[in-house]
Amino acid sequence: MSPDASIAPDPLLCELHAHSSWSDGVLSIPELVDLYGSSGFDVLCITDHVNRSDDPWLTPRERRLWGVQERTHSHYLAEIAEEAERALARWGLLVLPGAELSYNHTDPLLAAHAVAVGLRSYVSLEHGIEDALHTAREAGAALIAAHPYCPGTGPVHPRTTQCFGADPERFAPLIDRWELYNRAEPFAWVADAGLPVVASGDFHRPEHLWGWKTVLPCARDERAIVECLRSGGPVYLARIEQRVADRAAA
């Protein structure tokens, strides 16, 4: 055993769910990186939306131009890779590629979003969310159920994603973690069901930088982070307040 083998790694403050202007975020990828880097985060996963070609929540124009598509995916990865190199050098921030696999439907019971951490290949939603989850798992990503509303517990809204919450036993073998907190919104049924959890900012605007986040007890390395999430082992959740962060930076 090496002298350092028994030393636990420093915990990593992570944002596992963040959008850039590639989809519905207001910041470009460089702006997103600088915001999280300057705010003391250790890990940022950029997870812009991937949608199906007949997405009912989008207009025909948005379907052509919005989000990460198969024809633009290589450019998306290239920009993330370029910014990841700069982020590590300037901020010590580890930037990971990812996606939010977004299967939208007019029936909330059939709508589901899954965050794929460490996803480096394009995954289509054309054959449904379950097929997409299988494909992303085979590609080596860690999968997180995003804002998993349970029927009868969430807001009454046609865009509420209830598929995972309606049948968690069906999807549990395909999902590594479930958002217990999405920003400040809790999903108490996830805790009651004893599912492995995370917390994320679901970043779209600068105010989403603060709130509930995940702290991972693993090495600052993409493979280690994906394996930690996929393991189902313990992680830590922390609420990051803006005033605390501002005092620390002063």
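Observations on the structure shown:
- In the range 81-104, the residues that are over 16 Å from Ser28 (Cβ atoms) and in a strand (DSSP E or B): Leu94, Leu96, Gly98, Ala99, Glu100, Leu101, Ser102, Tyr103
- Where a residue in the range 221-239 is within 14 Å of Asp176 (Cα to Cα) and its partner, wherever it lies, is surrounded by fewer than 14 Cβ atoms within 10 Å (Cβ to Cβ) and modelled with pLDDT of 95 or more, with Cβ under 6 Å and at least six apart: none
- Options Tyr103, Tyr181: the member that is buried (at least 22 other Cβ atoms within 10 Å of the Cβ) and over 21 Å from Leu229 (Cα atoms): Tyr103
- Each residue in the range 172-185 was checked for being in a loop (DSSP other than H, G, I, E, B) and touching a strand residue (DSSP E or B) at 6+ places or on another chain (Cβ under 6 Å), and 4 pass.
- Meets criteria (within 18 Å of the chain's Cα centre (by Cα), under 15 Å from Ala18 (Cα atoms), at pLDDT 95 or above and of a type outside the set (Asp, Glu)) for Leu133: no
- Boolean, Ala188 is closer than 17 Å to His113 by Cβ and out of contact with any Pro (no Cβ under 6 Å at 6 or more places or on another chain): no
- Within this structure, Pro148 fails the test of being in contact with a helix residue (DSSP H, G or I) (Cβ under 7 Å, 6 or more places away or on another chain) and at pLDDT below 95.
- A residue that is out of contact with any Pro (no Cβ under 7 Å at 6 or more places or on another chain) and within 28 Å of Asp10 (Cβ to Cβ) cannot be found anywhere in the range 123-132.
- Whichever residue in the range 35-73 is assigned to a helix (DSSP H, G or I) and touching a residue at least 12 places away in the same chain (Cβ under 8 Å) and, among such residues, is nearest to Arg239 (Cα to Cα): Tyr36
- All positions within the range 184-199 that are surrounded by 14 or more Cβ atoms within 10 Å (Cβ to Cβ), small (Gly, Ala, Ser) and out of contact with any Ser or Thr (no Cβ under 9 Å at 6 or more places or on another chain): Ala193
- Put simply, of Glu169, Glu207 the only residue that is surrounded by fewer than 19 Cβ atoms within 10 Å (Cβ to Cβ), assigned to a helix (DSSP H, G or I) and either aromatic (Phe, Trp, Tyr) or at pLDDT 95 or above (or both) is Glu169.
- Residue check for Ser121: of a type in the set (Ser, Thr, Tyr) and in contact with a strand residue (DSSP E or B) (Cβ under 9 Å, 6 or more places away or on another chain): no
- One residue alone among Ala132, Ala111, Ala199, Ala188 is closer than 23 Å to Lys213 by Cβ, touching a strand residue (DSSP E or B) at 6+ places or on another chain (Cβ under 7 Å), in contact (Cβ under 8 Å) with a residue 24 or more places away in the chain and not charged (D, E, K, R), and that residue is Ala199.
- If the condition is being among the aliphatic types (A, V, I, L, M) and part of a helix (DSSP H, G or I), then the range 123-166 contributes Ile129, Ala132, Leu133, Ala136, Ala166.
- The range 74-83: number of residues that are free of Cβ contacts under 8 Å to residues at least 40 places away in the same chain and touching a helix residue (DSSP H, G or I) at 6+ places or on another chain (Cβ under 9 Å): 1
- Candidates Asp202, Asp221 - the one that is within 24 Å of Pro108 (Cβ to Cβ) and either crowded, with 19+ Cβ neighbours inside 10 Å or not polar (S, T, N, Q) (or both): Asp202
- Residue in the range 117-134 that is closer than 21 Å to Tyr36 by Cβ and surrounded by fewer than 24 Cβ atoms within 10 Å (Cβ to Cβ) present: yes
The values are calculated or read from the model by the stated rules, or taken from the named source; none is laboratory data. All values reported here derive from a predicted model rather than from experimental measurement. Don't worry about glycine lacking a Cβ; one is built from the backbone with ideal geometry, like all the others, and counts go over all protein chains shown.
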